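Every number in this text was worked out from the coordinates using simple rules, so none of it is lab data. Since we're looking at a predicted model, the values are computed, not measured. Quick reminder, even Gly has a Cβ in these numbers, built from the backbone with ideal geometry, and neighbours come from all protein chains shown.
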Amino acid sequence: EQQPREPARRSRTIAEGELVPTAAAADADKSRTTTVVVQSSVRVPSAVSTGAVVEVWAAAPLADGKGFAEPRVLLAEATVASVERDSGPLSAKGTSLELAVDRARVGEVLAALSGGSAVSVVPVGARS
């Protein structure tokens, strides 16, 4: 018994009469997401690792340049694709996270990053 296939979309031009190899089709869900890299302004809990689901918060810089506005949820849900923690004794870099996000939200994320917002990444469903 053959398992039903996940929804797919073509990833290249298919000529008339051509048999379609599996490699020519891409998972439809993957075409709706992409990855962005964010630098967290605060420490990221050790529970945040590849595959974790996180929230991304952003606080825009104030017009007078003295601090930041109230933080708001930028992304209610993103999946961590990779984590790079800078742990050297003189490191100030912090943690960079590659996040899988919905393509429809990429512009908003990039605007926050390029606009100087303080970005924080927190785990979803953390237990206290």
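Report the local net charge at Pro61: Lys and Arg +1, Asp and Glu -1, summed over other residues whose C-beta lies under 14 Å from its C-beta.
Result for the local shell: 0.
Grab the other residues whose beta carbon is less than 12 angstrom from that of Arg72, score K and R as +1, D and E as -1, and report the net.
-3
Among residues other than Ser49 whose Cβ falls under 14 Å from its Cβ, what is the net charge (Lys/Arg +1, Asp/Glu -1)?
With Lys, Arg at +1 and Asp, Glu at -1, the net is -1.
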